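Beneath this line is the structure, given in structure tokens, with notes to follow.
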Amino acid sequence: MSIGFKREKRYIVFKLSDLGNSLKGDEIRRLAEEYAEQRSLKGKPPLECVIVEADWPEYEPTWKAIEDRVTGAQPAPSVPEGWLRAIDETLVVAHIGVANESDTYEEAKAKLDNLIGFHVDVATDPAVNGGWKLVPIETTPSVPDGFAWPECPKRRQSHVLFDDGYEEGWATCVATIKAALAAPEATWLPVPDKHPTFDPVDLQLADGSVLCGCVPQSDGDYWWEGPSGEVFIDPRYAPVTHWRLSAAPNERSESPEAKS
């Protein structure tokens, strides 16, 4: 047989901010002091209460908690939701622990670190990941097996190459591509105001393209011989962002300054 529950009025509460400094307020405070003295004379401890106003979101849940206690009803289990529930289930599956809503920041961060470390260990351990091992990846492009470099077409067979310096332009294009494929991975560095060496370098432009075999000049410019001829590149005005040493300086064409 279930026990009924009825809300009753057992207390009279005055809010201090409502009393103000009026005479009625002073009288109510005096009566409260006398009431506390009477409880003390009867051997009762001071009456301490938690007041929850009706327009607070905790009002109805507080009534429900009291009703559950009085009637003996089992409170609803506290099940974490959202991210907390997802992390909690993952921690349990990994046998690391549980995610508690009361965890401090340091405790929660430590559990996340352990969870991430667990998955990294699983992914990199050949004993449990199916035998896979981490190996370095060769990022330098290479020429596929069986690839044949095209020969320079005869004049008037292509509208792409230049009429002036036709064969030379073709050779320069092919040489530039070969040098780029043969270049090892090197660290790209910001372009300095004045280059520290006259060794040929590769220049990276703002759009990601690369000019291979550029030669630094004493005035800060770079000399480059492209399909259309010699070009001097001023980093102050050209969209040049980074540089690296060229792979094979001896295979690059020499600039006028290098020849002199």
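Values as computed for the structure displayed
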read-out	value
Hits in segment 198-220 - residues which are under 38 Å from the mean Cα position of the chain (by Cα), assigned to a loop (DSSP other than H, G, I, E, B) and either among the charged types (D, E, K, R) or surrounded by fewer than 20 Cβ atoms within 10 Å (Cβ to Cβ) (or both)	206, 207, 208, 209, 220
Members of segment 185-197 that are among the hydrophobic types (A, V, I, L, M, F, W, C) and surrounded by fewer than 16 Cβ atoms within 10 Å (Cβ to Cβ)	186, 188, 189
Filter result for the condition that a residue is at pLDDT 85 or above and outside any helix (DSSP H, G or I), over 99, 86, 110	99
Scan of segment 15-26 for residues that are surrounded by fewer than 12 Cβ atoms within 10 Å (Cβ to Cβ) and closer than 24 Å to residue 53 by Cα, ordered by number	15, 16, 17, 18, 20, 21, 22, 24
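The values are calculated or read from the model by the stated rules, or taken from the named source; none is laboratory data. All figures in this text were calculated on a predicted structure; none of them were measured in a lab. Don't worry about glycine lacking a Cβ; one is built from the backbone with ideal geometry, like all the others, and counts go over all protein chains shown.
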